[in-house]
Amino acid sequence: MHRLKIIGLAALMLATGAWAGDLSWKLWAQLRVDPGNIVYSPVSVQQALSLVALGAHHGALSVIAPLARQVAETNAMAKTMSDHGERLAIANGVWVQSGMHLLPAYAASARQAGAEATAVDFNTDTARQSINHFVSLHTAGHINQLLPPGLPSPATDLFIANAVYFKGTWQHAFDAGRTKLEPFTRAAGPTVLAHMMHLGSVDMAYAEAGTVQILAMPYQDGRMEMVLVLPAQADRLSEIETGVGTQFEAWQHALKPTSLSDVAVPRFKIAWHHVLNDALENSGLRSLFDGSADLSGIVGTPQKISVVLHAATISVNELGTVATAATAIGMTRAVMQKPSFIADHPFLFYIRDRQSGTILFTGRFADPTLPNSGG
C-alpha cells in the first residue's frame with residue numbers, strides 16, 4: 001500500500017476537462033513566475049475572451065476563435081452538473097458606455113452566451129460599482145473588489161466581465177478530528193506548521209511518474225476531481241511547473257486505482273489578483289491590445305483591449321472545495337496611427353522601372369560624413 005503525505009511545497013492543482021487548453025498552459029507559464037501561492041481560472045479568462053471573439057472579424061477571429069469550443073463545453077458541463085455535492089455556475093455580462101449601442105448581431109450572440117448588456121457612464125464610479133456588484137453576486141461574496149478605484153477610465157467604451165463559482169464535496173471526506181498541526185517544508189526558509197488533513201486508508205487514482213507523485217481526489221459525483229502533483233523534494237516544484245503543459249496528458253493517463261495507506265493534505269485558502277495584460281500579450285494575443293485586430297463587430301467602431309483584470313480564490317477543507325474566479329476586460333476605441341518614415345540611419349535604396357521591374361541603380365547610404373556623400 002502507498003502512503004501519500006503532502007508535506008513539501010503546496011502541490012500543483014490541475015483541473016481536468018475543458019480547462020486543459022493550450023491557452024491555459026501558455027498563461028500558466030507567464031503567471032507561475034509570481035512567488036508564493038497562486039490560483040487562477042483558465043475557464044474565467046476564456047469565457048471573457050470568448051465575448052471579445054464574438055465581435056472579431058477577419059484575422060482577429062482566428063486568434064481567439066479556438067476558445068469557442070472550450071467555452072461551449074464548459075457551459076454544457078455547468079448546465080448538466082448535479083447540485084448534489086457539486087455546483088458550477090458561470091455568469092457573463094457586458095457594460096457599454098451610455099449613448100453607445102451594441103451591434104444587433106453582437107447583442108444577440110452575447111445573450112446566447114448569457115451576457116446581458118447594461119448601459120453605464122464610465123465617467124462616474126457607478127460603473128465600477130455595477131461591475132463589482134455583479135462579480136460579488138456571482139462569486140457568493142468571495143470577490144468583492146475586482147475593479148479598484150480609478151477603473152474603468154473615462155476613455156472606456158465597454159467592459160466585459162465573467163464570474164465562476166465552484167463548490168465540490170469530497171467523495172472521501174476527511175475526518176476533522178484527525179486534522180492537526182504538522183511540519184510543512186517550504187522550497188526555501190525554515191519548516192513551518194500547517195493544518196494537515198488525514199484520510200487514512202483509502203482507494204484513489206494514483207501514479208508515480210519520474211520524480212513526482214500524482215493523486216486525483218474525486219468530488220462527490222465522480223465527474224470533477226482535484227489533481228495534486230507532488231515533487232519528491234520540496235525545492236523541485238519550479239522544475240515540475242515548467243513542463244506542466246507537456247506532461248499534463250501523460251500524468252492523467254498514468255493515474256490508476258491504487259490502495260493508499262494514508263493521504264495527508266494541508267487545509268488551505270488562497271486569494272490572488274493579477275493584471276493579465278502582459279501575460280496575454282506574451283501568450284500570442286498582442287494584436288487584441290495594440291489595435292491591429294479588427295474588433296469592430298461589438299459597437300461598430302474599432303476597439304482594443306485596454307486592461308484585463310483577474311481574481312481567484314480557493315478554500316480547501318475537510319468537506320471539500322469552494323473556488324471562485326472573475327475576469328474583467330476593458331475596451332477603448334482603437335486609433336489607427338498613420339505610419340511615419342524617418343530615414344535617420346543607414347538604409348538601402350534602388351531605382352526601378354515600375355512596368356518592367358528592371359533595377360537601374362541600387363546602393364546603400366550608411367554615413368553622411370564620408371567624402372563621397374556630400375549633400
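Annotations
- Annotation: amide H-H contacts under 5 Å for Val307 (H modelled 1.01 Å from N, sequence separation of 5 or more, or interchain): Gly330.
- Stokes-Einstein diffusion for the range 268-323, with the hydrodynamic radius set to the Kirkwood value over Cα pairs and evaluated at 4 °C in a medium of 1.567 mPa s, equals 95 µm²/s.
- Springs between Cα atoms under 10 Å define the GNM used for the chain, and in it the highest mean-square fluctuation of Gly189, Gly150, Gly55 occurs at Gly189.
- On full extension, the segment bounded by Leu103 and Ser153 gains 15.7 nm, given 0.36 nm per residue less the C-alpha separation.
- With only the Cα atoms considered, the range 209-309 has a convex hull volume of 198 Å³ per residue.
- Listed residues Thr313, His253, Leu228: farthest to the positive end of the dipole of the range 197-321 (Cβ charges): Thr313
- Over the range 122-205, equivalent-ellipsoid semi-axes from the Cα gyration tensor in Å: 42, 19, 11
- Ordering of 226-232, 354-360 by packing is 226-232, 354-360, highest average first (other Cβ atoms within 10 Å, averaged per residue).
- Accessible surface, per residue, of the chain when the full set of protein chains is kept, probe 1.4 Å, Å²: 50 Å²
- For the range 84-123, the alpha carbon convex hull comes to 69 Å³ per residue, rounded to a whole number.
- Here the range 140-257 is treated as a Stokes sphere of Kirkwood radius computed over C-alpha pairs; at 20 °C and 1.002 mPa s its diffusion coefficient rounds to 118 µm²/s.
- Distance between the modelled labels on Ala232 and His273, one decimal in nanometres: 4.2 nm (7 Å Cα→Cβ projection).
- Fraction of accessible area attributable to carbon and sulfur, the chain (%, probe 1.4 Å): 55 percent
- Calculated P(r) tail over 17 Å for the range 291-344, as whole % of Cα pairs: 61 percent
- Options Ala216, Phe268, Tyr206, ranked by Cα towards positive dipole end of the range 130-276, top entry (Cβ charges): Phe268
- Here the extension length gained between Ser356 and His195 equals 49.9 nm, from 0.36 nm per residue of separation less the Cα-Cα distance.
- Total formal charge among the other residues, if their Cβ is under 12 angstrom from that of Val322, Lys/Arg +1 and Asp/Glu -1: +2
- Near Ile359: Cβ cut-off under 11 Å, other residues only, Lys/Arg at +1 and Asp/Glu at -1. The net charge is 0.
- Simple point charges give the picture: +1 on the Cβ of Lys and Arg, -1 on the Cβ of Asp and Glu, and for the chain a dipole about the Cα centre of about 120 debye.
- Per principal axis, descending, Cα span of the chain in whole Å: 88, 55, 38
- With contributions of -39500 (n - 2.57) from each DSSP H run of at least four residues, the per-residue ellipticity at 222 nm computed over the chain stands at -6500 deg cm²/dmol.
- Using alpha carbons only: equivalent-ellipsoid semi-axes of the range 266-371, gyration tensor based, whole Å: 53, 20, 13
The values are calculated or read from the model by the stated rules, or taken from the named source; none is laboratory data. All figures in this text were calculated on a predicted structure; none of them were measured in a lab. Here the Cβ is made from the backbone with ideal geometry for all residues, glycine too, and neighbour counts use every protein chain on show. Just the protein is used for accessible areas: all its heavy atoms, side chains included, with ligands, DNA and RNA removed. Shrake-Rupley method; radii C 1.70, N 1.55, O 1.52, S 1.80 Å.
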